[in-house]
Each structure stands twice: as structure tokens, then as C-alpha cells.
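FYI, it's all coordinate maths here, none of it is from the lab. Keep in mind that this is a model prediction, so the values were computed, not measured. Cβ atoms come from the backbone with ideal geometry, glycine included; neighbour counts cover every protein chain shown.
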């Protein structure tokens, strides 16, 4: 604390991202990054953009990228916007659509940045308890509220709700905004982007950090009716005229265009996820059904914390959340086949 | 307006950046970018960073860059932080150090993003009128206030206040934060960074968009006592864990290291600025003393708006602010010698 801090900064409870240790080389299964490099076409596009034009500001309206994404999803350019990672766009959305005093609803177990944004913008929220098997209780979102945020698939549970279930929520809440955070949608889910034409209150947020292998580039996307996108633009233009740099704009547009690499990479991750889930079940783990690039697992015989420590000692990082209800679970990102063989071997050593 | 917008977003008055027209090739003297490309070493560092590691999140604490800047300025790593352009860092600082209800002070003629941040965070402000020749009236900042923001050199006037004058302001206001926005400090001014050891209430904000020729990379720096930097970190970690991407981190660190290119580029711009100022005076312009990479000029015979339009028709973009007190002035970025020869020629055509 310092006398110079504003009341706002004193009240914050900042988010803590997964560790990025530098003490030795780990198999990193703790931050849901892709185990595969970005598409070679993306790296080439970035290198080409590393030229003398870097002296000039980037396009503040991201025209080329927005056109590329609009074509990809069959929507209009006015229905899509970009930002410095989906975190920035989520922050903008919390400020753009939610007012202090009215309770925002989101699951009790979900992306832990949501309550952080509420503190940042002085917003009130109420968590909705996931049911016992960690699925989202749709009916609990059909009541008075100040806005809704649902991560789909949910993190860290990896569980997915269907488009019809989202439709039920969005339909009931027509007078307020429903944010669907689709950070992990490409790993087997069906995107709600197709609903934005029918529901002006639906905002879909995506990221290139996971399925596009570009966590290091910082690129998020937001899709919704133009009246919602206009609010995001107003916030962005009151905060930072150019949050996405020239290199990120060039790389991101190429990542969307290179559908072949994208499809192939996602298929590999899904394939790995499925065999790993089977092997973990054989080892006695409970493994939640995953439509994401990670697995949420628990073992009845050894505590999650003990497994976490054992893996760390064996050079494998996973994510352990010391939080109510999930303090006996681990979130394990899906790596390459060989990463995951190493994981299974390390677990066998512990359990056998 | 939309029923989905928050009260906050409805009340915003977004900033409008200088135009980036695409209809034809202009000599761009309207956004104070550098006319010179980034250092070849910077472009090389970025290309080298465009590798498979882009699948991984960037260092959320910017260790390497902060160490590089700390060494450059002879301060500690805890006294420096980075952000997505100085705009992002200014936004963080307004939220971190200013409270609603207490009036922030800044000049009536200055960077027009400051009042935008006030709206964004619901802060109150009072402008201090620059005196007739557009210099900052130091004594007007020696009174009760909720915080102070001064751009030095000021934009768009290009006028500079001395370290001793800053010291007077910072000394008087020891119980609140004084932000010195040094976007243009490298073009002849003396940085207030040397004062941060003595004044825990002083925050210095800089950018790589001007003197480092990297507007397209989005990199800002903030320097101050560790208790001020900690507040910036708390805001940043409540907003976006990774606002600076891997490529920007790599390029920015190299830009700081390549002192030779930096010194040479800045010297060229200063040299050009000086001869252009003389030529403009010969043409009857009032030219304010500039320590920045732009000139603030006015002509008694032809209106600024008419000159602006004439230049635009001749393929030269400058910045015209249709605002009280300065609506007969133009802000002209310093380009290459040949850019500026073209400018002078176009003006001669109009005036002779």
C-alpha cells in the first residue's frame, strides 16, 4: 500500500497467470498454450512485416484483419473487432456492458479473471454454482441479472454446453448482454458466432493464443451485433488508439487464412487429448469430458497437490488451483504426443 | 446509443487519432512518427523472435526489457515497467493514482487524450491555461489538486520546461502524483527520470513511437519509485496479463541497446527541424521554439485551415486542431529533408 495509490488500485485483487519458470526446461502443460509452432505462413508474414513501415502507427481500425475474420465466419466487418488478446477484449466488454449495482452472473468455477475485472470496474457479481459433475446449470441463468459471462468450453473444467443451451440463455436475457468466452471453442465445440445475427445481445470472444498457436502474439477477437462492437470501439478509443501492433495484425490475418494448418494442428491436439484421457482413466483418474486443449483430472488415492509436486519434480508443469471444490483437481494442457507420454510415465511412476 | 451500453460507455468522448488515409500516398507529417525506419538491429531482433516460441505467452513481467532500460537510465528494474504504448501506461496511471472528486490539473492545450482518460475513469479535472506564448505557467500548479499531468515537451506546442521547473512542481506536490509525459523528450530535452530517486511522487512516461522509430510496434515505458510502479503492475495484472507481445519485447530491448542508431536518427531530425524552422520564419510563419519532432506554426496572412487544405491537396498531411486558442495553428511533424523541402515548396506556392 502507498499513499499515492487511488482507492481503485487499493481494492484490486490482480489475476495471477500460470508460472513461466526460467530455472530449467519444463514440459509446460500449465498455461494451455499450443504445443505446436505457429503456421510457417504466419511466421513468414510477420518477418515480411518487420520492415521500415514499423516507424508508422498500425491501422487503428484493423481493417484487413477484420475483413479476413468476417469472411471466415460469414459475418460483416462491422460485427468483428480485434484486441490485445481476449483478456483486453473481455476487460473492454465488462466496462462497456455492465453497470455497478446490477449483479453479473458467471459460474463459481470458471476463468478466474472475471472477478478481477469486476473489481477493476467496481462491478457486482454473483456466482452460479456449477452442478456436482461441474456442468453449467442453464436454468440458473434464467433470472434477473446485470449481464452474463460464460466460458464455453468452460475453464478449467473443459466442459462444453451446446448451441441450443446458449440460445436458451441468450433468448431469455434479451435485455442485457451475454458474453460467451470461446477461448477453447476450436477444439471440438460449435461456435456461437452463428447466433449473432439473431441476437443483438450476444457477444462472442475468441483468442489466437490456443488453437492458432499464437499466445506470444497477443491477438483476441470479438464478434457481435454492430451496436455491441461500437461500444467496444468507444472504450478502445478512450484507452489506447493502437492496442494491436503491425506484426500482430499481419500474423493474425495470415493465421486465419491458413485454414489447412489450423485444421491439421487442432486435429492433432484433439487426437492426443483422446488417447491421453483413456490412459489417465486406466490409471484411475477421473477425467472430465473435454472439448478443450486441456484435461481436468482428479485421483481418488493421491491428492492433486501431491501429484502436482511430483510432476514438477519430474520436469512437468501442470496447473493446480487451490480453490474450493476444485482443490483436488489438476488442469493439464494437451501437449505433443511425446510430452503426454512423459506425463503418463511420470504418473505411472507415482501410482504403480 | 444502444440499450446494451453501460452508463460508462454512454458518457465517453473517445480520442480521435490523426488520419491514416489510404486513398493515395501522402507525405505524412500529421502523427509525429519518425521519418526514419527502425534500426536494422531492431528489425533483425524481431525477425529472430518470429519463431516457434510465439506459441508461448510472453514474459508477463518484461524482465529483459526492464533490465535493459534500467541499465540505460541507471535506475533499478523495480523502477521501470513497460506497456502497450505510452497510451496504455497513461491510462493505467490515471486509474492508479487519481481518485474521482479531486481535480486533476493539466494544461488547457496539451495531449487531448488526458480528458478522454478522465471520462473513462470518471475523474474530475481542471485545465490550467497556458500563458499567451503557450508556455506552462509553473506557479499555477502550486496549489491544492488531485494530481498533475504535464507533457514535456508539450504537444502540440512543442514547448519545453526545464528540469528545475519540474522539480518545483514535484516538490510542492509531494503528497500526490505528478505525471510527466515525455513522449518527445529525446529531441532536445532533459529527462526527469533523474529525479525519480528523490521524488517518490514522480512518474515519467515515455514511448518508443517517436525517437525510436517504432510507432508500429506499440511500446511504452514508465519510470518511477517502486511504489508507483507497483500500482501500475496491479492495474495491468487486473486488466491483461500480457499486453506486450514477444516481438515487441525483443525489438524494444534491441532499440534501447542500439544507442548509436538512436543518437544518429535523433540528430538528423533535430537538424532538419532547425533549418525548417528558419525557412518557415522567412516565409512569415510564427514558429514556436521546439524541443520535439514537430513544429507548431501559424501565419498571420492565411488561416491554418486554408494552409492545411492546400497542403493536403498537394499530398502533404499535417495536423490541424479545430480548438479554441489553437485554431489558427498547425502541427507539422519533422520528416526527412526531402519531405520538408516538399513542404516548404508547397507553402511557397501558396504564399508567394
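With the simple spin-label model, which puts each label point 7 Å out from Cα in the Cβ direction, the residue A:174 to residue A:264 separation comes to 4.7 nm.
Ranked from shortest, the separations from the 7 Å Cα-to-Cβ label point of residue B:271 to its equivalents in the other copies are 6.0 nm. Just to be sure I understand: with springs between alpha-carbon atoms less than 10 Å apart, which residue in B:192, B:215, B:267 has the highest mean-square fluctuation in the Gaussian network model of chain B? Answer for the Gaussian network model of chain B: B:267.
Counting from the shortest, the label point at residue A:351, 7 Å from Cα toward Cβ, is 8.2 nm from the same position in each remaining copy. Sorted from nearest, the other copies put their residue A:25 label points 4.8 nm away, the label point being 7 Å from Cα in the direction of Cβ. Here the stretch A:201-317 yields Rg over Rh of 1.10, to two decimals, using C-alpha coordinates and the Kirkwood radius. Classify the stretch A:104-174: rounded, prolate or oblate, from the alpha-carbon gyration tensor (a ≥ b ≥ c, eigenvalue square roots; a/c under 1.5 rounded; otherwise prolate if a/b is larger than b/c)? It comes out oblate by the Cα gyration axes.
Springs between Cα atoms under 10 Å define the GNM used for chain A, and in it the highest mean-square fluctuation of A:250, A:50, A:82 occurs at A:50.
Taken over the Cα atoms of the protein assembly as shown, the convex hull encloses 145 Å³ per residue. Mean residue ellipticity, 222 nm, helices only, chain A: the sum of -39500 (n - 2.57) across DSSP H runs of n ≥ 4, divided by residue count and rounded to 500, is -11000 deg cm²/dmol.
Multiplying the residue separation of residue A:303 and residue A:197 by 0.36 nm and removing their Cα-Cα distance gives an extension gain of 33.5 nm. Among the residues of B:214-222, the average count of other protein chain beta-carbon atoms within 10 Å of the residue beta-carbon is 6. The average projected area of the stretch B:41-130, computed from the convex hull of its Cα atoms over all directions, is 8.6 nm². With the cut-off at 1.5 for a/c, could you classify the stretch B:128-254 from its C-alpha gyration tensor as rounded, prolate or oblate? It is oblate, given that a/c is not under 1.5 and a/b is not larger than b/c. Each of A:239, A:320 has some number of other Cβ atoms within 10 Å of its Cβ, and from fewest to most they run A:320, A:239. Pairwise Cα separations in the stretch B:1-95 fall into 10 Å bins from 0 onward with the following percentages, short to long: 10, 23, 33, 26, 8, 0. Among A:52, A:135, A:241, the largest mean-square fluctuation in a Gaussian network model of chain A, built with springs joining Cα atoms closer than 10 Å, belongs to A:52.
The tail of the calculated P(r) for the stretch B:40-257 beyond 32 Å holds 16 percent of all Cα-Cα pairs. Each DSSP beta bridge with both residues in chain B is either parallel or antiparallel, and the antiparallel ones are about 55%. Counting only DSSP beta bridges with both residues in the protein assembly as shown, tell me the antiparallel percent, nearest 5. If I count the DSSP bridges inside the protein assembly as shown, around 55 percent turn out antiparallel.
Between the alpha-carbon centres of the stretch A:283-325 and the stretch A:129-163 there is a gap of 22 Å.
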